[in-house]
1. Is it true that some residue in region 283-299 is of a type in the set (V, I, T) and closer than 24 Å to P228 by Cβ?
2. What helices (runs of 4 or more DSSP H), lying completely within region 293-408, carry at least 3 residues that are open to solvent by 10 Å² or more (accessible area, probe 1.4 Å) and more than 26 Å from R455 (Cα to Cα)?
3. Is it true that A506 is modelled with pLDDT of 95 or more, part of a loop (DSSP other than H, G, I, E, B) and over 25 Å from the mean Cα position of the chain (by Cα)?
4. Given the options A115, A119, A107, name the one that is in contact with a strand residue (DSSP E or B) (Cβ under 7 Å, 6 or more places away or on another chain) and aliphatic (A, V, I, L, M).
5. Specify the residue that is modelled with the lowest pLDDT; the eligible residues are those in region 104-157 that are charged (D, E, K, R) and assigned to a loop (DSSP other than H, G, I, E, B).
6. Being under 20 Å from P43 (Cβ atoms) and open to solvent by 20 Å² or more (accessible area, probe 1.4 Å) is the filter here, so list the residues in region 244-253 that pass it.
7. Name the residues in region 283-315 that are over 26 Å from the mean Cα position of the chain (by Cα) and not basic (K, R), would you?
Amino acid sequence: MKKWQIYSLAAAIVLAALAGAAYTFRKELILYAVATRARDATPVAPNREILWQQGPAEAAEGQRPPNIVLILADDLGFNDISLYGGGIIETPHIDALARSGANFSTAYAGTAACAPSRAMIMTGRYGTRTGFEFTPTPPGMTRIVDMFYNDGTRFHELLIDREAAANAPPFREQGLPGEEITLAEVLKPAGYHNIHIGKWHLGNSEEFLPNAQGFDESVMLESGLFLPEDHPDAVNAKLPFDPIDQFLWARMQYATSYNAGEWFEPKGYLTDFYTDEAVKAIEANRNRPFFLYLAHWAVHTPLQASRADYDALSHIENHRERVYAAMIRSLDRSVGRVMEALKENGLDDNTIVIFSSDNGGPGYIGLPDINKPFRGWKLTYFEGGIRVPLFIHWPGRIEEGAERDMPVAHLDLFPTIAAAAGAALPNDRVIDGIDIMPLARGTETEAPGRAIFWRDGHYHAMRKDGWKLQFAERPNKVWLYNLSEDPTEQNNLADEMPEKVAELRALIDAHNATQRDPLFPAVAEMPVTIDKTLEEEATEEDEYIYWPG
């Protein structure tokens with residue numbers, strides 16, 4: 001064999017080996033490319049001090065409207081709070097807040113996913129009425145999740161609508177339209193200084209950002225890490241069975257901004273950073289009415305805890321569970337610090353504090369008990385996906401220890417807060433929520449016999465008078481439950497009670513006839529098993545739904 005032939009053969013072998021290695025490690029290479037592109041796309045500057053706008057040196061004489069503090073957790077499971085008798089750890093500050101006012105034990109999220117639920121809180125209107133029906137999907141996420149999920153190891157495949165993805169508006173244009181009126185925009189004419197801290201998730205271009213939606217100041221969650229991955233104070237728990245988690249670790253940075261300015265690093269663990277800034281904002285505004293929307297990223301993935309919180313929970317043996325519990329611990333501490341800041345500034349007696357979560361806990365973190373006793377997860381309309389804590393604290397107006405079990409919803413926060421603040425509701429549009437302050441105060445004892453609706457593409461649900469109906473196209477199935485007798489949805493009555501199914505379905509059809517088409521399409525459908533986490537292997541016997549998004 002001639003020398004050039006030997007060289008050619010050697011080169012061919014090397015190229016073949018490189019091609020084989022590239023195929024073998026294709027996922028790792030793609031994630032590396034995603035990470036590199038994310039770092040290059042938006043530089044993150046060092047931390048800088050946020051100089052909050054200062055209110056007047058002295059409070060005006062006379063009675064002023066109540067301050068409003070809305071604390072929203074992200075993906076907090078119903079069973080993550082020790083108040084309900086479960087939980088991985090004790091949550092003394094959240095429990096104390098619940099006991100200091102009204103605890104609505106049958107409260108529902110706007111939907112079973114992040115962004116539309118937040119839009120409903122901000123507008124008091126169904127996502128199907130505003131068109132903000134689906135959660136916007138970041139660039140590249142669908143392709144990555146498709147490759148990682150549909151690898152031949154799953155019983156149910158992720159479904160991708162490639163035509164919808166190709167025709168969807170750009171990610172930056174997928175937001176809550178500017179013509180919608182937010183809670184901040186309603187409160188502003190009533191004299192409120194409006195502050196947003198944390199997650200927004202209602203759009204990324206100028207039209208959609210908090211400062212364009214009535215907020216005077218905004219500290220924004222710009223990416224998704226609680227600390228840099230390699231930070232000495234970070235304790236990480238990755239989820240190798242969750243493709244979305246792998247995408248987040250590759251793409252997310254440790255970044256914030258103030259009033260849509262340059263990205264910079266937060267100071268310390270993200271939940272504590274948001275709390276520090278909330279405390280500063282309360283002090284800066286102690287002499288004028290303010291609305292503080294503290295929208296925590298905790299306890300959403302990626303699972304990252306501070307080392308101090310992790311070390312404090314050495315009795316928890318499972319590493320992932322311990323990291324998750326440590327994240328809950330930081331969230332609970334935040335509630336305690338906010339309440340203390342209100343007291344220190346003499347504001348506690350004239351401040352309404354509301355706590356909730358945007359939806360139920362997700363099955364994709366692999367922790368089976370977070371929504372107990374309820375079935376289902378985030379991305380399902382079973383109770384585990386949409387039952388959320390909802391506490392309202394208003395000293396002197398709401399008695400301590402008020403237990404309220406009538407069904408209420410996130411939609412109700414908009415009219416409730418506006419009424420308490422003396423702010424006028426818009427009269428040119430339908431507001432789907434109701435004022436639940438009379439229920440909280442006990443001046444009314446029963447909620448109106450209205451229905452509460454949910455819709456995400458082909459997946460529908462409603463609750464009315466204790467009855468809960470769900471139906472979907474994938475799978476083609478109907479679920480009917482009598483929640484008054486079966487609150488954990490164990491006994492599907494759909495086949496036994498076709499007349500009740502028809503009655504409730506007619507209400508859904510009538511409701512849908514008043515709604516609008518989505519502003520942007522669902523580009524994928526995620527299979528979710530109702531009674532298993534993503535870590536567990538699904539089988540033919542398992543109940544499941546496909547969630548469009």
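The values are calculated or read from the model by the stated rules, or taken from the named source; none is laboratory data. Just so you know, these numbers come straight off a predicted model, no measurement behind them. Neighbour counts run over all protein chains shown; Cβ positions are idealised from the backbone, glycine included. We work out accessible area using only protein heavy atoms, side chains counted, and drop any ligands, DNA or RNA first. Shrake-Rupley method; radii C 1.70, N 1.55, O 1.52, S 1.80 Å.
1. Within region 283-299, one or more residues are of a type in the set (V, I, T) and closer than 24 Å to P228 by Cβ.
2. Filter on region 293-408 gives 307-311, 319-344.
3. It is false that A506 is modelled with pLDDT of 95 or more, part of a loop (DSSP other than H, G, I, E, B) and over 25 Å from the mean Cα position of the chain (by Cα).
4. Going through A115, A119, A107 in turn, the sole match is A107.
5. Ranking the qualifying residues of region 104-157, first place goes to D151.
6. Correct list: W249, R251, M252, Q253.
7. Hits for region 283-315 are E283, A284, N285, N287, P289, D311, A312, S314, H315.
Every residue, every condition in (1) closer than 30 Å to E499 by Cα; (2) among the β-branched types (V, I, T); (3) in a strand (DSSP E or B), yes or no:
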position	(1), (2), (3)
F414	no, no, no
I434	yes, yes, no
P438	no, no, no
R450	yes, no, no
H460	yes, no, yes
L469	yes, no, yes
